[in-house]
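*Asks:* Once you've had a glance at the structure underneath, I'll fire off some questions.
The values are calculated or read from the model by the stated rules, or taken from the named source; none is laboratory data. All figures in this text were calculated on a predicted structure; none of them were measured in a lab. FYI the Cβ positions are ideal-geometry reconstructions off the backbone, even for glycines, and counts take in every protein chain you see. Heavy atoms of the whole protein, side chains included, go into the accessibility calculation; ligands, DNA and RNA do not. Shrake-Rupley method; radii C 1.70, N 1.55, O 1.52, S 1.80 Å.
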Amino acid sequence: MNFGLSDEQEMIVSTVRSFVENEIYPHEDLVERTGEVPADVAEAIKAKTKELGFYACNFPESVGGAGLSHVDFALVERELGRGSMALTHFFGRPQNILMACAGDQVDRYLLPAVRGERMDALAMTEPDAGSDVRGMKCSARRDGGDWVLNGTKHFISGADHADFFIVFVATGEDDTPRGPKKRITTFLVDRGTPGFTVRDGYKSVSHRGYKNMILEFDDCRLPDAQVLGAVDGGFAVMNEWLYATRITVATMCVGRARRCFDLALGYAAERKQFGQPIGKFQGVSFQIADMVTEIDAADFLTLAAAWRLDQGLPANREIASAKVYASEMLAKVTDTTLQIFGGMGLMDDFPVERFWRDARVERIWDGTSEIQRHIISRELLRPLGA
């Protein structure tokens with residue numbers, strides 16, 4: 001395995017990092033203060049992304065994307081991780097699951113999403129079904145030639161700007177040796193569909209401006225044309241396309257950690273106590289050493305998982321390892337950075353307290369740390385019959 005980046009990959013890193021520093025950083029304080037992304041700022045970010053050729057860069061060239069490899073895209077997400085999620089959301093990375101679109105869905109959903117004409121949001125989590133996806137109560141039943149959806153989804157990121165939604169609901173139940181097992185189907189639901197409401201969600205301490213919303217379905221009627229993939233085939237669609245979201249979380253954690261580390265390193269070199277920079281004290285210098293070691297470890301672990309996907313190798317365990325390690329690494333790095341800054345770290349004069357708050361959610365969404373450890377241990381034990 002070659003651990004070096006190609007010239008093209010170095011250009012990707014340089015371009016996206018420059019974009020984040022010039023187009024994202026200047027607006028972060030405003031978003032943090034107001035909890036909103038101004039419409040003109042959002043449109044400017046989208047326009048600049050398209051100009052650079054990075055909009056929907058996670059999609060193949062055959063549908064208008066940039067056709068980046070998994071490693072290339074991980075590098076993009078790593079650099080985007082340095083900036084506010086509320087703002088980088090408009091950099092535009094539609095859900096890869098849209099590649100499952102067929103027939104008229106391609107022109108109605110896939111291609112407009114890739115061109116940046118329509119934005120999507122993924123709806124899976126429910127009040128009583130988080131890690132236990134099969135525990136979802138949101139359901140759809142047949143009524144004539146249509147489906148009728150009822151139930152609630154929450155914690156739906158990006159729903160405030162979405163034009164349509166990729167919604168997972170229960171469409172039946174099978175009896176298995178382990179008990180009843182729900183069948184899941186994926187639907188494409190347009191904003192404004194009768195019986196479908198999007199309303200404000202909860203106020204989160206993490207990633208201000210990157211809102212979570214609540215979706216409510218009240219006898220929402222949909223034709224078969226809105227089914228994404230096969231009926232009762234929601235898990236197949238999910239498993240084929242959604243694994244990459246865990247790599248995205250891991251890579252963004254690495255990017256955020258490197259930005260935080262740079263602040264800690266600079267502060268340790270400049271801040272003086274007892275007549276010398278605090279970085280000269282082992283209590284601080286050893287923390288600096290531990291931070292960069294763990295960041296590098298998370299970086300290599302994440303890129304190695306993406307590399308396995310590019311090689312067509314099994315990567316479920318490696319992706320789970322990258323997600324759990326990178327998210328927990330970010331928690332330690334942000335906490336240590338705050339400690340190095342001392343009392344000033346808790347003040348909004350510096351972005352440190354924001355990074356500290358933002359880091360907490362990374363161990364929860366896209367599969368909790370406990371779920372990742374379950375995946376890892378299952379992959380290791382199952383071949384041994386345990």
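*Asks:* For labels at Glu379 and Arg199 in the simple 7 Å Cα→Cβ model, what's the distance in nm?
*Replies:* It works out to 4.1 nm between the two label points.
*Asks:* Right, something else. Where the accessible area of region 256-386 is counted over protein heavy atoms with a 1.4 Å probe, how much of it, in %, is carbon and sulfur?
*Replies:* 57 percent
*Asks:* Mind checking the per residue accessible area of the chain for me, 1.4 Å probe, whole number of Å²?
*Replies:* 47 Å²
*Asks:* Calculated FRET efficiency, Ile364 and Thr152, Cβ-Cβ r, R0 25 Å, to nearest 0.05?
*Replies:* 0.85
*Asks:* Let me ask something else about it. Given a 1.4 angstrom probe, I'd like the percentage of the accessible area of region 1-108 that is carbon and sulfur, rounded to a whole number.
*Replies:* 47 percent
*Asks:* Rank-order 39-49, 352-362 by packing density, defined as the average count of other C-beta atoms within 10 Å over each peptide's residues, highest first.
*Replies:* Taking the mean over residues of other Cβ atoms within 10 Å, the ranking is 352-362, 39-49.
*Asks:* Okay, next question. Name the most mobile residue of Ala268, Ala320, Ala250, meaning the one with the largest mean-square fluctuation, in a Gaussian network model of the chain with Cα contacts below 10 Å.
*Replies:* Maximum fluctuation in the GNM of the chain, among the listed residues, is at Ala268.
*Asks:* Simple spin-label model, 7 Å along Cα-to-Cβ: Asn239 to Ala269 in nm?
*Replies:* 5.0 nm
*Asks:* Okay, moving on. Got a sec? Which residues in region 26-42 would a label at Asp348 touch, if it sits 7 Å along Cα→Cβ and we count backbone N under 14 Å?
*Replies:* Only 28-36 fall inside the zone, counting backbone N under 14 Å.
*Asks:* Of the listed peptides 184-196, 67-79, what is their order by residue-averaged count of other C-beta atoms within 10 Å, with the highest listed first?
*Replies:* My ranking of the peptides, most packed first, is 67-79, 184-196.
*Asks:* Still on this structure: Round to a whole number: what % of the accessible area of region 152-215 belongs to carbon and sulfur, probe 1.4 Å?
*Replies:* Carbon-and-sulfur percentage of accessible area, whole number: 47.
*Asks:* For Met238, Met11, Met347, what's the largest-to-smallest order of accessible area, 1.4 Å probe?
*Replies:* Heavy-atom accessible area, descending, gives Met11, Met347, Met238.
*Asks:* Two-decimal Rg/Rh of region 138-255 from alpha-carbon positions, Kirkwood Rh?
*Replies:* 1.01
*Asks:* Under 10 Å, Cα contacts only: if you run a Gaussian network model on the chain, which one of Arg317, Arg134, Arg271 comes out with the highest mean-square fluctuation?
*Replies:* Top of the fluctuation ranking is Arg271.
*Asks:* I've got another one for you. Got the relative contact order for region 1-110 handy, in percent, Cα pairs under 8 Å and 6 or more residues apart?
*Replies:* 32 percent
*Asks:* Compute, for Glu32, the solvent-accessible surface of its heavy atoms (probe 1.4 Å) with the complete set of protein chains present, and express it in square angstrom to the nearest 10.
*Replies:* Approximately 30 Å² for this residue.
*Asks:* Continuing with this model, one more query. Between Lys50 and Asp132, take the C-beta separation as r, use R0 = 22 Å, and let me know the FRET efficiency to the nearest 0.05.
*Replies:* 0.05
*Asks:* Can you give the FRET efficiency for Ala386 and Ser18, using 1/(1 + (r/R0)^6), R0 = 51 Å, r = Cβ-Cβ distance, to the nearest 0.05?
*Replies:* The calculated FRET efficiency here is 0.55.
*Asks:* A follow-up question, please. Ranked from highest to lowest mean number of other Cβ atoms within 10 Å per residue, what is the order of the peptides 123-132, 171-180?
*Replies:* In descending order of packing, they fall as 123-132, 171-180.
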